[in-house]
Amino acid sequence: MLAPHIKKKVDKLWNRFWAAGLTNPLVAVEQITYLLFLKRLEEIDQRRVARGLTSIYVRRDGDAPEFDPETCRWSHIRHLESTNPKHLAEVVFPWLRTIDSRLSTKEDGSELASLNNRMTDAYFQLDLNKGQILQQTIDDIEALFARAGEGSAAQDVMGDTFEYLLSEVATAGKNGQFRTPRHLIRFMVELLDPEPGQRVIDPAAGTGGFLFSTQQYLMRKYSTQANLKLEWDGTPHKTDGVNTTSEQYAAIHNGANFVGLDNDRTMARIGWMNLVLHDMSNPHLLQGDSLSKRKDKEQLEQVLASETYDFVLANPPFTGTVDSDDLEPDSLLFPRVGGSGKKKNEAITNKSELLFLWLMLDLLRVGGRCAVIIPEGVLFGNTEAHIRLRRELLTEHVVEGVISLPGGVFQPYTGVKTSILVFRKETRRDERQTFTSTVAPCTEYIWFYEIEKDGYSDNAKRNSLPGQQNDLWDALEKFKAWYKHGREGAQLNEKTLLQPTYWPERWRQALLRDTADKLTPAGQAFAGLPDTSMWDGQIWSIHELFPDLPSDPEAAEEKVRADAAVGLLEISIQALTPAIQKAWDATLNARIAGKITDTELLEAWKKAAKPAESEFRKLARERESFFEKEDSPALPVWKDLLKTALAEAQADAYVLGALRDSQPPKAMTAHDIGQRLTEIARKVAKLDGFDVTLRSLAVDQPTELKAAKHWVVPVRAWARNDEWQSEDGQLAGSHDADGLVRPAYVQAVLNAGLYDNKGTLKDGLLDPDCIEAREWNLSAGQYKPFDFSPLKSDKNVAELIGVLKSTEQDIIKGLDKLLAMVEGRE
């Protein structure tokens, strides 16, 4: 979670590069990412050196005599008196392009182990005449991380900064590569619920969102739940991973467990750097075409080895086509047309969304699971490839669920209707069989869920709606019940919408080493904690830092206002009392003689008060250094309290009362005004921070629904045939008294053939509402239960039937009359 002022700095970075001529969004992101990476690289190298590896900043054979690699350190770049783009373009980036050759042969386990020549075409593309822009950019990057210091706090800020930078690509006018909304990614990861050490792959990885979100989820899962914080959209905070074993913790940060491929080299490089910036060691995000031929591409063959992954998480390209000549020819991977025609050995399709699903099946181990976003057409398309893919998924594997997403969820990229398909691999690739229908499908039932609200507006702007209805949380709870308990679990809370509890908090960054905050003396602990190091540089809610404050920002402000108002009024009166005394003395004779009006008294007062008020305001302004410099919610409160206190201290009634008193006015308090202002300003400054909406870990707040949002549908269901009899005549009717189909009936049908010799399903054998009877259609809307509640009537069934019959007769009479008119008989 980035504070608003940090977001503004990131926006400034973006806009500065944009204005400097880098109008291609990916290029702008990449250039900023290079600078972030250079900053991170120095810390990575320090870790490497601590492990006994040679620094990448050491001279090596072949370096030009005048070249000093030390000048490529970020600490050197940022301290140059005048940043010259030529230094980056002609020194730093040429060095960066050779970084692979500067690595040790023992890099296993280091963050740079998977660098893999990805920097060989890294170039600095800012106009060399834009030195000032570069200097400002470097200053901004330093400012971004100056408050976070080093270690995990800086790492969190860097990762969040990069994610926010990527999100900017989605804004109007900056549309670049397709970016999957992070709240959907987190939802999909949680659907699969991975464990440390299990391997996950995204064959269309983009910026690596699914990979680092999986790592993030694992850290959340094994963190101290009492400390864990979830934003309204599921973003986790304070993930410590303390409940992991050392092996589990290492597995969570081992990039070999998080594998990704992207066809675009720039995207792959950005994605790899994204994982590095999120503190993943040796990330395996590579450039390569997941669907293309693998011959002579050793690395591609290794990464895409069949049946080597526990999970696949992806949002592959929509509605694209693949060059058939470049498609991987493995017929066990991509089915062939077959038959005896000229095209019998060609792949059955060149549609990317179908090919990616076959690829995902191939990548999974038996028992491995996949959650993938697909265009709706995959679920109901009627081409041979569409039907064959769905049939294979249903008959040889287990489709666990189909989750329909709102139509605008991928705005502003596309309005294509999409769904999340969740399935489990059950059949090894070399055991796949031609469909015969004689064996029951592996998938018996499918769970469908229709998401209508995902926490964002359904227009192109996709504005966040924190705290409002979000069906994702309900869907997750319902899916868990279905996954664990089957059909019985799916009936739990059938017409109940489950939501978490939402509440607001105000967060701020706790800085103990930076005494400019002046909230606590340097070195003293917040809230009496003996060890302050755990707080340093981290984001905390203000009520955690200051237990005297309520957690609700409005309540906290109300309390601070009430406490501060009393103190400010006291010292305002004290500060102005000498001026009242002066005015009292100056008007004493006129008052005794009764020759002065209230207006004249007030004029005398204002003249005397002006210097005192000016001095008091000056002291108050000096205390503004205690507040955040940007986007401070506390500073307006401070200014408003001062304004109110001074107004009350100078109220006409109060001043006139003091001036007309027979005794000279005296201050009721004797504070050190400067010290007292400091104390009160510190209290008000506790309100600084930024507001967030949080949600509870538990999703247990029920709301009654008129109609269920989820339903379960059988894949193969038998139509009732009351006329059937077994050969021995002992069984009559296809179903028993409990409504269950008789095994003998099923076997008889299968023996006779469920499909004819052309592969067409025979009429009347299957329930027309089951999935197999509808050409394996998986579109959620096809099976949504009809809601009869709007059809409720005061009439009984017999009366309704009578009305229908009467209406039918009226229609028939009308048609007879129309026919007579056409024939000229009327």
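Coordinate-derived values only; no laboratory data. Being a predicted model, the structure only gives us computed values, none of them experimental. Don't worry about glycine lacking a Cβ; one is built from the backbone with ideal geometry, like all the others, and counts go over all protein chains shown.
Remarks
- The packing ranking, built from the mean of other Cβ atoms within 10 Å per residue, places the peptides 619-630, 485-496 in the order 619-630, 485-496, highest first.
- Alpha-carbon Debye profile of the chain, log10 I(q)/I(0) at 0.05, 0.10 Å⁻¹: -0.41, -1.15
- Alpha-carbon centroid distance for the pair the stretch 388-414 / the stretch 233-306, whole angstrom: 24
- About the centre of its Cα atoms, the chain shows a dipole size close to 1460 debye [charges on the beta carbon of Lys, Arg (+1) and Asp, Glu (-1) only; nearest 20 debye].
- Per-peptide average of other Cβ atoms within 10 Å, ordering 770-776, 183-189, 741-747 highest first: 183-189, 770-776, 741-747
- Candidates ALA19, TYR456, LEU476 compared by Cα position along the dipole of the chain: farthest toward the positive end lies ALA19, with charges placed on Cβ.
- Angle between the chain longest axis and helix 797-822 axis [Cα atoms, degrees, rounded to 10]: 70
- Our helix-only sum for the chain, with -39,500 (n - 2.57) per DSSP H run of n ≥ 4 divided by its residues, gives a mean residue ellipticity at 222 nm of -12500 deg cm²/dmol.
- Working from label points 7 Å from Cα in the Cα-to-Cβ sense, the ARG51 to GLU799 distance is 8.1 nm.
- Dipole axis of the chain (+1 Lys, Arg; -1 Asp, Glu on Cβ), positive-most option in ALA490, HIS735, ALA670: ALA670
- Between TYR34, PRO236, THR438, the Cα set farthest toward the positive side of the dipole of the chain (charges on each charged residue's Cβ, about the Cα centre) is that of TYR34.
- Separation of alpha-carbon centers, the stretch 616-671 and the stretch 753-779, rounded to whole Å: 83
- Nearest-ten-degree value, helix 131-146 long axis tilted from longest Cα axis of the chain: 90
- Listed pairs LYS39/LYS297; LYS229/LYS461; LYS221/LYS453; LYS130/LYS629; LYS706/LYS784; LYS8/LYS39 exceeding 23 Å between Cα atoms: LYS39/LYS297; LYS229/LYS461; LYS221/LYS453; LYS130/LYS629
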